[in-house]
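The values are calculated or read from the model by the stated rules, or taken from the named source; none is laboratory data. None of these values were measured; they are calculated from a predicted model. Neighbour counts are summed over all protein chains in view; Cβ atoms, including those assigned to glycine, are modelled from backbone coordinates with ideal geometry. Just so you know, the surface numbers come from the protein's heavy atoms only, side chains and all, with ligands and any DNA or RNA stripped out. Shrake-Rupley method; radii C 1.70, N 1.55, O 1.52, S 1.80 Å.
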Amino acid sequence: LTPVVERSVTIAGISTHKPVAKDFTTGPSDEKLCKAGHLMAQKLAGSLALVTCRELLKSNLGGHLRFPLVDYGFNDQTISEQVLAILVQDNVDVACAAIEKVAMEQAVADVDEGFATSYEACRHYHE
């Protein structure tokens, strides 16, 4: 899932830079530029990661849940596909939320790196 998060953050950073820089570089403060970039990139990265990973998680989570159950003494006869489907359904939203959070956090760092020149231009505009 790391490639999903990285791809989502990259796409969000690229998609955020131009519109936000255009609208906020000559604005009242560089804080608004920063905040707008963070919010837009976070929402984009989180949504992209969520949409991209949900089906992948559903298909892989059953296998990942089976191994700990076997380690705790359950065998393949006691772990039915129906039980695994219920476990996946109960846990996929939690896993997706964690992935979405990671993507949103990484998007902030990506925006700060990508907007360094825009922050500087904004500061110079106000001087």
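Brief remarks follow.
- Residue list for the stretch 3-13, filter: open to solvent by 90 Å² or more (accessible area, probe 1.4 Å) and either without any contact (Cβ under 8 Å) to a residue 40 or more places away in the chain or of a type in the set (Asp, Glu) (or both): 6
- Search result, residues across the stretch 52-77 that are aliphatic (A, V, I, L, M) and within 20 Å of residue 98 (Cβ to Cβ): 56, 57, 61, 65
- Subset of the stretch 64-107 [touching a Leu at 6+ places or on another chain (Cβ under 8 Å) and among the basic types (Lys, Arg)]: 66
- Filtered residues of the stretch 47-79 (kept if in a loop (DSSP other than H, G, I, E, B) and either out of contact with any Lys or Arg (no Cβ under 9 Å at 6 or more places or on another chain) or surrounded by fewer than 15 Cβ atoms within 10 Å (Cβ to Cβ) (or both)): 72, 73, 74, 75, 76, 77, 78
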